[in-house]
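Accompanying notes for the structure given below.
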Amino acid sequence: MNTLFDTFKARAEAVSAEVHRFPTQREAFDFIIALLQDQGVLESPGAEALWAEGSFLKGAGRKYLSNEAPGLSFEVTRQAAAAAKIGISQMDWAIAGTGTLVQDAAGVEQRLVSTLPPIHVALVGTSRILADLPSLLERLHPSQTGYISMITGPSRTADIERVLTIGVHGPERLIIIFVDEFERGNA
Amino acid sequence: MKSTFRESVNAALNNANLTGALGKFSEAYRVGRAKAYEGIDFEAVRERIKAAKSSAASQLDTLAERFKQQAEARGAKVFRASDPAQVKDYILALAKANKVTRVVKSKSMASEEIHLNAHLEAAGIQVKETDLGEWIIQLAGQTPSHMVMPAIHMTKEEVADVFSNEVESGQTPDIPRLVRFARGKLRTEFLQADMGITGANIAVAETGSLVIITNEGNARLVTTLPRIHVAIVGVEKLVEHLADINPILTALPRSATGQLLTSYVSILTGQVPNTDGSPKELHIILMDNQRTAMAKDPKFKQALQCIRCGSCLNVCPVFRLVGGHVFGKTYTGGIGTILTAWFDELKKSEDIQSLCIQCGNCKVVCPGMIDIPELILELRRRLAVEQGQSVAQKAIFAVVNNRRIFHAMLRAASVTQKPFAKGGFIRHLPLFLSDLTEFRSLPAIAAQPFRDRFKQIRQPECREKAAFYSGCLIDFSYPEMGEAVIKVLNKAGIEVVYPDRQTCCGAPARYSGAYEVAAQNAQDNIEALLEQDVKYVVSACPTCTVALKQDFIATFESLGLTGRLGDARKLAAKAMDFSTLVKQLVDQGRLSFKEGKDLGRFTYHDSCHLKRTLNASEAPRELLRQAGYELTEMTECDMCCGMGGSYSLKLPEISAPILERKLGNIKATKAPLAVMDCPGCVMQIRGGFDKDGAQVKVEHTAQRLADRLE
C-alpha cells in the first residue's frame, strides 16, 4: 500500500494537488479543523464550510466536528455551495498511476461541494488506492451509479497563450487527505 | 486554388502572433507528449483503440440502438438524428417547451459542426460557451482554430481587449486576472441557466454511458446546475464495451495536451437528481450527419477511429505555420480536411487538401491509427475524378506519361537553362516562375544525364546483379549520386544494371490525384525493372523506393487493376533503399570501411519517406559513423524540409518557412556537413544554403560512403 500511496502522492502533487496522510480519522479531522481556522471559517455563521454526507461522518465523527467547528455545515444546498469557501467530501477510490480520485457522485450534494467552492478537501481511505483505471472499472461500474466523477488535481486551463492557470471553473485548491484507519460506522 | 484561399494562407503566414504561438507550442508538445507516454506501449494502446473504434464503425446502427435502449432504461431520452437540421429543431423545440431562456455549453465540436448557437440565438435564447477558449472566441465572433485549444491564435492583449469591449471595460492583459474574471462572469451564467449542453468524448453502448472530459471543470457544472442536460454526440463516439474506454482515456489526454489524465473525467449514465431533488431531464442526441455513409466507404471508414485529440495538428509542419482558420469553420488540420470533405461536402476540401505536404508525421502519432496522408491523397484523387485536372497539370502529366518526350524535354532543358544556371544552380527564374527560386536555388540540369554517363562506367564482373532505379532527380540533376551508388555496390561484389526504359516513379501524378497517370508510370517501370533477372532493385531516392515497394501496388488496388498486382508485388519484394541495403551488406561482411579516420562532424536529416514509410533512420547514421564521421543530432531531425516534391512549386510560400526552420536547426549544430538519403531533400536544403550563404555542405549518404569502403 505504501508504494501505491507514494506513486499517488507523486502523481497528484505533479498536478498541483496537496496530499496528506494520517493514521487515524481523529487526526485527519483535527487537520481539517486547523484548516478551517486558518481560512477563517471555523466559527463563521455563514456556513462557509460544507461537508457532504459520507461514511466518515457516521458514528462519533459528526458530533466531534460539530462541537469543534461550529461554522461547519452538513446541509448542502445549491445556494450554500455557491457561497461556501471550502467544500469537503469523501472519495470512494484513488488511482495511483494518474493521481486521480474517484467518487460515486450521483448524489448532487457530492458534486456541489467539489465544484463550486474554491477549496475542495477530499478524504479517502488509504486502503482504497488502486493501481489504474482498469482496476477501478472492475470495482465501480456505471450500472451502480449514474455519475462517476474522477478528479485529478484542481481545475486548470491553458486557453490563453497556453499559460497554465489553476482554478478556472472548479476549485483552485484540491487538498487530499488519506486516512489509514477510520471508524467505518454503518458504511 | 482559389485566390481567396491563397490570401487567407498568406494572411496567416504573416500573422506573427499566430505562427509564434503555434511554433512554440509544437516544440513544447513534442517534449510533453513523449514524457506523458513514458512507460506506455503506445503501439499497443493504439491497436486497441483502432480495434474498438473500427469494430464500432462496422455496426453503428446496432450500437446506437443498444445505447438508446440502455440509456432510456435509466431514464434518459435518446434521439437519433440523421442531419443537422433535425438536431437543431429538436433542441429548439425542447427549449421552447421548457421555457428555457438561458443555455450554458461545455465544448462540443458536434455543436460547432451544425452551428447550433446561431440557431438558438436567432430564437431569442441566450447561449454561453463556458470553456474559456470557446467563450473568448464566442465573444470575439470567431470560430475555433484548434480542436483542443480553440483560442490558441490570440494573445493575452487581444483577450483583454475582447473582454473589455464585450463584457466589462478596463481588463488588463494579465492572464491569472483574465482567468479570474472569466470565472466570476461565467459562474453567474452557470447558476442562472435552465439548460446545459455538452458533447461527449465517448458513448458506451453496453451501459448507455457518456464519458466527458475537461480540465476546467465546466462540464461538471453544465451537467449539474441547469435542470435540463442535452448531450450532442456524433455516432462515431460510440464504443461497444465499457473496457474500450481504457485505451481511449490512456491516449486522449496524453496525445492532446501531454497530460496523464485531464483534471475531470465524468461517466454519466441515465438520470441523476437535480439540485432541488427532482430527476434531471437528460436528452442524448446521437447525430449521424454522414458518419454512416463514411463507415460504408472502404477507404474512409478508418477516419471514424478519430478520438479528436488534435495531435495530427500539433505535429504538422504546415499547421504550425498557417493555424486552423484557413481550414474553414469547424474541423482543422489533416483530420479536419477529411471530416470537412464528408460532413460538409467534398468540394469544400478542394483547396485545403492541397496544404498537406505528405510528410507522414500525423500518421505516426495518431492514436486512432488513421492513415491521414493516404486519405488526403484519396480526396485528391476523387476531386480530380469529379472536377478534372487543370489544363496546366494535364499538360505536365501528358509529358511525364510519355517517357521519350519527358526525357527529351529534360535534355533540352539542360541547354535552354544556360542563361539562368551558374555553378550548378539556377538562382533566378524570370516572371511567374520567380517564386520558385526566391527562397532556394534550383539545381541546374546536368549536361549529361545519369542514363548516358552510366554507359561509360566500367564495372567488375560480379556474380550478383542489382538494377538501379535512379529517379528523375539523380538522372537529370545529380548523376554523381548514381555513380556513388554503383561504386559502393561494386565493392560488395554486385554488378549494377540500368534498365533504360525506366521512367518517372509516378509520385508527382499520384500525389496530385492523377492515379491513371501514376498507374501508367508504374506499369512502364515494372516492365523495365523486371526485364532482367536481378537480386535487388535499388534506389537512392526514398520517395521512389516507396513507389516501387508500396505505391505501385496501392495505385493498382485503388483503380481495381488487380491483374497487375502480381508483377507489382514481385518488384516490391526486390526493391530496397540504398542505406538499408548497404547496412545489410556491411552486416554480412561483404563491405567494410577503411581504417579509422576522424572525418569530422555531420548532422543527419531524416527524409519523410525514409523514416516514416521505410522505417530506416538508424542505418544511414550507423554507416556514416562507421565511415569515420561524428554525428551531432539537430533539433527536429525528422521534420520535413518543405520540399514535398511538387509541393514546393505549388505552395512556395509555405515551403520557404519550413525550409528556413530546417536550415536554422542544421546551422545550430555547427556541423559543417548535413547528410541525407533523399535527392529531393538535397535539392531543397542545398538550394536553401546557396541562398542563405552559410557554409554547410549538403550531400547524399551514398556520396559520403563511396570513398570510405575497402
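What are the membrane-span-like helices in chain B by this rule: whole DSSP H runs, Cα extent along the axis at least 27 Å, mean Kyte-Doolittle hydropathy at least -0.5?
Numbers: long enough: B:16-36 (29 Å, -0.20).
Once both thresholds are applied, what remains is B:16-36.
Report the charge-dipole magnitude of the protein assembly as shown in Debye, nearest 20, computed about the Cα centre from +1 at each Lys and Arg Cβ and -1 at each Asp and Glu Cβ. Show your work: numbers first, answer last.
Details: 105 positive and 101 negative charges, 390 e Å.
Dipole magnitude for the protein assembly as shown comes out near 1880 debye.
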Neighbour cut-off at most 12 other Cβ (10 Å), DSSP loop, trypsin sites (Lys or Arg not before Pro), the stretch B:1-101: B:K2, B:K99
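State whether the stretch B:3-292 is rounded, prolate or oblate according to the following rule on the C-alpha gyration tensor (a ≥ b ≥ c being the square roots of its eigenvalues): a/c under 1.5 gives rounded; otherwise a/b larger than b/c gives prolate, and the remaining case gives oblate. Numbers along the way, then the final one.
Values: a/c = 1.62, a/b = 1.14, b/c = 1.42.
Since a/c reaches 1.5 but b/c is at least a/b, the shape of the stretch B:3-292 is classed as oblate.
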Under the Karplus curve 6.51 cos²θ - 1.76 cosθ + 1.60, θ = phi - 60°, whole-Hz ³J(HN,Hα) for the stretch A:41-48, x wherever Gly or Pro sits: 10, 4, 10, 5, x, x, 6, 7
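With +1 on the Cβ of every Lys and Arg and -1 on the Cβ of every Asp and Glu, and nothing else charged, how large is the dipole of the stretch B:3-292 about its Cα centre, in debye rounded to the nearest 20? Display every interim value, and only then the final one.
On the way: 33 positive and 33 negative charges, 94 e Å.
The dipole magnitude comes to about 460 debye.
For the pair B:E618 and B:A97, what calculated FRET efficiency results from E = 1/(1 + (r/R0)^6), where r is the Cβ-Cβ distance and R0 = 56 Å, to the nearest 0.05?
0.30
Antiparallel versus total DSSP beta bridges in the protein assembly as shown: what percent is that, nearest 5? Each step should come with its number before you reach the end.
On the way: 29 of 98 bridges.
Of the beta bridges lying entirely in the protein assembly as shown, close to 30 percent run antiparallel.
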Among beta bridges that DSSP assigns inside the stretch B:3-292, antiparallel share in %, nearest 5: 30
Built amide H within the under 5 Å cut-off of B:A575, gap 5+: B:V537
Cα centroid separation - the stretch B:194-259 against the stretch B:307-351, whole Å: 22
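Using DSSP, restrict attention to beta bridges with both residues in chain B and report what percent are antiparallel, rounded to the nearest 5. Mind dumping the intermediate values first?
On the way: 15 of 59 bridges.
Of those bridges, close to 25 percent are antiparallel.
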Exercise: per-residue mean of other protein chain Cβ atoms within 10 Å, B:503-516: 0
The stretch A:2-181, Rg to Rh (Cα coordinates; Rh as Kirkwood inverse mean 1/r): 0.95
Cross-link pairs B:K24/B:K662; B:K465/B:K487; B:K107/B:K363 - those with Cα-Cα distance over 19 Å: B:K107/B:K363
Dipole of the protein assembly as shown [Lys/Arg +1, Asp/Glu -1 at C-beta], most positive-end residue of B:I114, B:F689, B:A21: B:F689
Amide proton proximity set for A:Q90, modelled H, under 5 Å, gap of 5+: A:L123
Selection from A:P45, A:I151, A:H141, by position along the positive dipole direction of the stretch A:2-181 (Cβ): A:H141
A:I129 long-range amide H proximity, modeled H, under 5 Å: A:A94
222 nm mean residue ellipticity, helices alone, for chain B (DSSP H n ≥ 4; -39,500 (n - 2.57); rounded to 500): -14000 deg cm²/dmol
Rh by Kirkwood over Cα pairs, then Stokes-Einstein D for the stretch B:453-562 at 1.306 mPa s and 10 °C, µm²/s: 110
Proximal lysines to A:K9, defined as alpha-carbon separation beneath 25 angstrom and excluding residues fewer than eight positions away on the same chain: A:K85, B:K35
Calculated [θ] (222 nm, deg cm²/dmol) that DSSP helices of n ≥ 4 give over chain A, each run adding -39,500 (n - 2.57): -8500 deg cm²/dmol
Shape parameters for the stretch B:310-359, alpha-carbon atoms, Rg then Dmax in Å: 9.8, 26
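How much of the pair distance distribution for chain B lies past 51 Å, counting alpha-carbon pairs only, in percent? Display every interim value, and only then the final one.
Numbers: 49073 of 251695 pairs.
That fraction is 19 percent.
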Two-decimal ratio, the protein assembly as shown, of alpha-carbon radius of gyration to 2.2 N^0.38 Å: 1.07
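I need A:W51, B:W342 ordered by Cβ neighbour count within 10 Å, fewest first. Intermediate results must be reported in sequence, preceding the final value.
Details: A:W51 27, B:W342 21.
So the residues, fewest neighbours to most, are B:W342, A:W51.
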For the stretch B:34-136, size of Cβ-based charge dipole, Lys and Arg +1, Asp and Glu -1, in debye: 440
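Read the figures in this text as sums done on the coordinates, not as results from a lab. Small disclaimer: the values here were computed from a predicted structure and weren't measured. Every residue, glycine among them, receives a Cβ derived from its backbone with ideal geometry; neighbour counts consider all protein chains shown.
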